[in-house]
Amino acid sequence: MSSKVLHTPILLFFIFFIVSCDDQLDLKPSQEIDELTALDSDANIKRVLIGAYANIRKSDLWGGRVLLYSEMLAANNELRWEGTFVQPREMLNKSILTNNTFVTDTWTTAYSTINLANNIIEAIDKVKTEDQDRVKGEALFIRGVVYFELVKLYGLPYVSENPSTNLAVPLILSPSRGGQNNGVVERHSVENVYQQIIKDLTEAEQLLPESNNIFASQYIASAMLSRVYLQIEDYTSARDAANRSINLALAYGKKLMDQYMNAFNNESDSQEDIFTIQVSAQDPVNAMHLFYSTPEFGGRDGDVGISGNHLALYEDGDDRLGQYEERAGAIRTNKWRDQNANVKIIRLAELFLTRAEANFREGTSIGATVLEDINRIRRRVLLPEKTSVTLEDILKERKLELAHEGHNLHDIKRTRGIVVDNNDSNFKYSFDDPKLIFPIPQRELLANSKLIQNPGYLE
């Protein structure tokens, strides 16, 4: 079973691929809503749904940049930006300008995607009765995960004081035609946005089939819910969602790869993948490869370098150290080495770690004991099994297992950690420092008088 996401260009390769997987989806993707025709039939609504999937795999979202943002903002003197792009350098230096094009493009693509999902949900009665639950579930999943990325990037952490009044992003749940649905709308609170995310993903989990070929399925929605609940410190719900996802994923043949690096640089889903962005030679959109790899593998000159501060965190004999090698004058990770490899969004290992942490915090053993889940991660990387663990042990295991995969910033925020300045190690940013969130794009402020800029940024 595969969990694949399609890209936006209308290419015969992808049309053929879709047809070969599901003859009901012999459709071209659409990312714009035609006022007269796009939502008038089952076929056209499914076409728009494919366009929504296409949007989330753009480089501005899960095509790679969203993962890069987390690593740059939380580089913690463990990573260095060595590239010529100014946008990630601004993030590394905590000096993001309101006209940063990466920040603006992510906002724009996100709301375009949300609008597509909103249009699908509103027109769901036009879909064949037997497909309505699945199509609505997929649209809700897409809307929920996009809002999750937005609230993490543009709003203060949920664990900060006053989530009910701290501003996040506009919450738009009704559709528009012909483009984005930003309108003249106000920013909603962090709490309200998270409530909507949970509502969307919970309903999606209920509506989606267990297996859904190349699209969102039930265990993928459960996995995303576990990530959301962990971010807001609802450990019981995070544990239970992770456990549901694990059990169903295992039933469909998912498992940890025997060797750590076999989980990466795959041109098709590995058995460990829960959800990935599919990349191919015909459609090589992998922003993480672009920035992390080097010229001999089709990347740039090596934009992201790994410092000794990070390497020192690993135990002797940790097989995960095998991902690092010197190329283009610095230490690189090989997780993003190959140009046509899939972008990893969720791996099974993350779910085991979430379940372990949540069980530890709640004093439970739902699905497995804490030690069972931690030791299955450690055995895979040739480390000795532990006989007891602390919360610090669990969080460190998570940090090293998921290193360079876009988790760092969000884990620091939810655990109320700190980020060490890359230019001055004596200076530290608290987890809720406004410099660790994006500004509202200047373009949006000019177009919408109701938007309020984040603290620390000029209007």
* Subset tally (residues that are modelled with pLDDT under 90, under 22 Å from the mean Cα position of the chain (by Cα) and in a loop (DSSP other than H, G, I, E, B)) for segment 281-311 -> 4
* Asked: When Asn359 is evaluated against the numbered criteria (1) buried (at least 18 other Cβ atoms within 10 Å of the Cβ); (2) touching an Asp or Glu at 6+ places or on another chain (Cβ under 7 Å); (3) in contact (Cβ under 8 Å) with a residue 12 or more places away in the chain, which criterion, by number, is the only one it fails?
  -> (2)
* Asked: Of all residues in segment 407-459, which are aliphatic (A, V, I, L, M), in a loop (DSSP other than H, G, I, E, B) and surrounded by 14 or more Cβ atoms within 10 Å (Cβ to Cβ)?
  -> Ile437, Ile440, Leu451
* List every residue pair whose Cβ atoms sit under 9 Å apart, with the two residues 6 or more apart in sequence or on different chains, where the first one lies in segment 183-198 and is more than 12 Å from Arg143 (Cα to Cα) and the second, anywhere, is basic (Lys, Arg) and surrounded by fewer than 16 Cβ atoms within 10 Å (Cβ to Cβ). => Val184/Lys450; Val185/Lys450; Glu186/Lys450; Arg187/Lys450
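Of all residues being basic (Lys, Arg) and out of contact with any Leu (no Cβ under 8 Å at 6 or more places or on another chain) in segment 168-204, which is modelled with the lowest pLDDT? Just the residue, please. Step through it out loud before you land on a result.
Step one: filter segment 168-204 for residues basic (Lys, Arg), giving 177, 187, 199.
Among the residues that remain, those that are also out of contact with any Leu (no Cβ under 8 Å at 6 or more places or on another chain) are: 177, 199.
On the way: Arg177: 68, Lys199: 98.
Selected residue: Arg177.
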* Is at least one residue of segment 157-167 touching a residue at least 12 places away in the same chain (Cβ under 8 Å) and surrounded by 22 or more Cβ atoms within 10 Å (Cβ to Cβ)? -> yes
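Given the condition surrounded by fewer than 17 Cβ atoms within 10 Å (Cβ to Cβ) and either at positive phi or not basic (Lys, Arg) (or both), answer yes or no: does some residue in segment 342-355 qualify?
no
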* Structure fact -> Ala341: passes all of (1) at pLDDT 95 or above; (2) among the hydrophobic types (A, V, I, L, M, F, W, C); (3) outside any helix (DSSP H, G or I); (4) farther than 19 Å from Asn247 by Cα but (1)
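The values are calculated or read from the model by the stated rules, or taken from the named source; none is laboratory data. Computed from a predicted structure; not experimentally measured. Please note: Cβ atoms are built from the backbone with ideal geometry, for glycine as well, and neighbour counts cover all protein chains shown.
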